[in-house]
Amino acid sequence: MAEYELKRIKNKANTLNQYNSKLMALALLSLLASIIYLFYSVDMKYFEYAMSLRAPKLVVMLLVAFCIGSASMVFQSIINTTIVTPCLLGMNALYGLIHTLLVFVLGSSSLLVRNANIAFLIDVSIMGVTASFIYNYLFKKTKHNVLYILLTGTIMATLFTSIQSSLVRTMDPNEYDSLLSSLFANFSNINTGIIAISILLMTAVLFTLRKELKLMDIITLGKDQAVNLGVDYDKTIRKLLLGVVLFIAIATAMVGPISFLGLIVANLSRQLFKTYRHQYLILGSALIGMVVLIGGQIIVEHIAAFSLPISVFITIGGGIYFLYLLILERRI
């Protein structure tokens with residue numbers, strides 16, 4: 001019996017070492033991608049100017065990858081399925097509706113539309129307040145049923161998209177042309193002023209949810225087991241869900257909607273780290289997201305010559321990967 005226990009402890013230690021090695025490899029890969037992005041094809045005569053353009057974009061890509069990667073992993077664990085993304089909560093559709101409504105009512109020359117700092121605060125405020133009110137209310141109204149929340153988010157996304165489409169049909173073509181660029185994720189024109197605000201908001205969310213995040217491994221056992229272990233399951237799920245919505249709101253407000261990124265990175269992390277420990281799954285998802293975003297932006301800038309936004313590549317790849325996951329689940 002003692003020999004079996006010793007063997008089990010050794011196997012567990014070896015597994016954790018493997019996971020730590022994989023995390024280190026992902027961190028080095030993201031660092032390598034960052035270095036390539038910063039210094040590839042840079043004329044040393046214009047080094048400072050190139051860094052002033054590329055460094056802020058790199059920071060934003062890292063922040064967005066962390067937000068979407070971590071939020072997607074937490075969201076999948078809450079819903080208890082791996083073929084969903086936080087975009088089903090309707091934040092991407094709400095982002096598009098906000099921008100369309102501002103341009104439709106105030107015009108593209110309005111200060112609220114042209115000023116990136118004000119636009120960012122409007123996006124985060126409306127998405128955060130709307131999601132907090134609606135999902136808090138619905139969570140209590142549906143007796144803490146997460147699946148009802150998911151269904152409501154899908155309906156809301158359809159509603160927001162329908163309203164946006166109606167506004168676009170009656171909009172001036174010149175106004176729509178100025179609006180179009182903001183409806184897709186774009187790292188080309190980054191406003192450095194929003195970076196500090198985003199970091200502060202992310203830090204505040206992480207600090208507020210620090211206790212709930214430590215309970216993620218227990219939450220995935222199910223409600224009955226979590227309650228038996230002394231966890232206030234309903235309150236924890238509600239706070240984690242609001243944290244997911246706020247992280248997605250921050251990422252979307254920074255660069256625009258990237259629908260399938262969370263689905264890709266979260267599932268790749270689960271395939272790489274076959275464990276229930278969310279410290280590895282969440283960090284792995286964030287690091288994979290960094291590699292995907294930075295690599296995709298390198299393709300956009302140096303191969304596609306800015307002809308297509310990065311969201312197009314991610315949406316195509318995400319759609320194919322989603323079909324693969326569906327086929328894989330049916331086989332299982």
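Structure notes:
- Of the criteria (1) open to solvent by less than 50 Å² (accessible area, probe 1.4 Å); (2) within 21 Å of LEU88 (Cα to Cα); (3) among the aromatic types (Phe, Trp, Tyr), which one PHE187 fails: (2)
- Residues that are surrounded by fewer than 16 Cβ atoms within 10 Å (Cβ to Cβ) and of a type in the set (Phe, Trp, Tyr) were ranked within region 21-43; the one that is modelled with the lowest pLDDT is TYR40.
- Residue within region 46-53 that is in a helix (DSSP H, G or I), open to solvent by less than 30 Å² (accessible area, probe 1.4 Å) and touching a residue at least 60 places away in the same chain (Cβ under 8 Å) present: no
- Restricting attention to region 273-315, the residues that are in contact with a helix residue (DSSP H, G or I) (Cβ under 7 Å, 6 or more places away or on another chain), open to solvent by less than 60 Å² (accessible area, probe 1.4 Å) and of a type in the set (A, V, I, L, M) total 14.
- Counted residues, region 191-250 - those being among the hydrophobic types (A, V, I, L, M, F, W, C), free of Cβ contacts under 8 Å to residues at least 60 places away in the same chain and either closer than 28 Å to VAL60 by Cβ or open to solvent by 80 Å² or more (accessible area, probe 1.4 Å) (or both): 9
- Some residue of region 78-87 being over 26 Å from MET202 (Cα atoms) and either loosely packed, with under 14 Cβ neighbours inside 10 Å or touching a strand residue (DSSP E or B) at 6+ places or on another chain (Cβ under 8 Å) (or both): no
- Listed by first and then second residue, the pairs linking a residue in region 168-179 that is free of Cβ contacts under 8 Å to residues at least 60 places away in the same chain and in a helix (DSSP H, G or I) to a residue that is open to solvent by 100 Å² or more (accessible area, probe 1.4 Å) and of a type outside the set (D, E, K, R), with Cβ atoms under 9 Å apart and 6 or more places separating them unless they lie on different chains, form an empty list.
- Any hit, region 151-170, residues being on the phi < 0 side of the Ramachandran plot, surrounded by fewer than 18 Cβ atoms within 10 Å (Cβ to Cβ) and among the aromatic types (Phe, Trp, Tyr): no
- Identification of helices (runs of 4 or more DSSP H) wholly contained in region 90-159 with 2 or more residues that are in contact (Cβ under 8 Å) with a residue 60 or more places away in the chain and under 18 Å from LYS239 (Cα atoms) yields 116-141.
- Residue in region 150-168 that is under 24 Å from the mean Cα position of the chain (by Cα), of a type in the set (A, V, I, L, M) and at pLDDT below 75 present: no
The values are calculated or read from the model by the stated rules, or taken from the named source; none is laboratory data. Nothing here was measured: the structure is a model prediction, and the numbers come from that model. Here the Cβ is made from the backbone with ideal geometry for all residues, glycine too, and neighbour counts use every protein chain on show. Each accessible area value is taken on the protein alone, full model and side chains, heavy atoms only, with ligands, DNA and RNA left out. Shrake-Rupley method; radii C 1.70, N 1.55, O 1.52, S 1.80 Å.
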